[in-house]
1. Go ahead and set up a Gaussian network model of the chain, Cα springs under 10 Å, then flag whichever of 160, 179, 41 fluctuates most.
2. What accessible area per residue, rounded to a whole number of Å², is obtained for the chain using a probe radius of 1.4 Å?
3. Just in the stretch 1-103: which GluC sites (Glu not before Pro) are loop by DSSP and have at most 15 other Cβ atoms within 10 Å?
4. Among DSSP beta bridges lying fully in the stretch 119-196, give the percent that are antiparallel, nearest 5.
5. Suppose we keep just the DSSP beta bridges with both residues in the stretch 46-145; what percent of those would be antiparallel, to 5?
6. Mind giving me the FRET efficiency for residue 95 and residue 42? R0 is 25 Å, r the Cβ-Cβ distance, nearest 0.05 is fine.
7. Return the long-range amide H neighbours of residue 18 (sequence gap of 5 or more, or a different chain), with a cut-off of under 5 Å between placed amide H atoms.
8. Hey, any idea what % of the stretch 67-176's accessible area is carbon plus sulfur with a 1.4 Å probe?
Amino acid sequence: MQILPAIDLRGGKCVNLVQGIAEQETVFSDSPVDMAKQWQTEGAEYLHLVDLDGAFQGVSANLDIVREIVTELSIPVQLGGGIRSIEQIEDILAIGVDRVILGTAALRQPSLVKAACEKHGKRIAVGIDAKDGRVATHGWLEVSQKPAVEFAVEMAGVQTVIYTDIKSDGMLKGPNVETTAEIINAISADVIASGGVTSLCDVEDLKRIGASGAIIGRALYTGDLALQDAIAAAR
């Protein structure tokens, strides 16, 4: 299982939100590029980037920073947040991002996911962000009636799914292992778990249920979990 440190970009800074609430923001670094380099130095094999400005506004707003991170690092990077057209996908892949994550667009425009997967294969991932088992969109501001597990099954053809439990995100209380396991068991795609990963026990639980990766954000920044320890547990 792979550990992916998360860098959430907002206003050009590296931040973290509690349960995706914009008003509950902590700024962890004024230099996301330096933060990315630190995670690589500490052993990260893959980096998870989220453009929060893009997620809230539907327009990628931090691509210059993403480009700089990609240029400075030797490890691959995935990016999500506000990517809602084939043109945006092409632009992001062109700057060297390894994998593009479609969230709101995947629910609203399943044909976009199909077209993107046909053209770019494993470089397209679907992000399923759920609250009380229902898929949320537009930076988690809207919650649909679509059950997360049902939506995961509908995304056949996608090779990577990133499942985030919104109520767990930023809470430092552990991931939603039960729902993550349901999704893993329901589909053949790789499932990366996100939201609430705080301890080595959490990492071990996700590994046990067959997650292909775990995204860790706040716990790494607060020091609750050391990246090197998490990587060791995942292996």
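The values are calculated or read from the model by the stated rules, or taken from the named source; none is laboratory data. Note that the coordinates shown come from a computational prediction; the quantities given were computed from them, not determined experimentally. Heads up, the Cβs are rebuilt from the backbone with ideal geometry, glycines too, and the neighbour counts pull from every protein chain shown. Keep in mind that these areas ignore ligands, DNA and RNA; they rest on the heavy atoms of the full protein, side chains included. Shrake-Rupley method; radii C 1.70, N 1.55, O 1.52, S 1.80 Å.
1. Largest GNM mean-square fluctuation: 41.
2. Details: 9810 Å² over 235 residues.
In whole numbers, the chain has 42 Å² accessible per residue.
3. Numbers: sites: 23, 25, 42, 45, 68, 72, 87, 90; in loops: 42, 45.
Those that pass, being in a loop and sparsely packed, are 42, 45.
4. On the way: 5 of 16 bridges.
Antiparallel bridges: around 30 percent, rounded to the nearest 5.
5. On the way: 4 of 14 bridges.
So the antiparallel bridges in the stretch 46-145 amount to around 30 percent.
6. On the way: r = 24 Å, r/R0 = 0.97.
After rounding, the FRET efficiency stands at 0.55.
7. HN-HN under 5 Å from residue 18: 24.
8. Details: 2300 of 4770 Å².
Of all accessible area on the stretch 67-176, carbon and sulfur atoms account for 48 percent.
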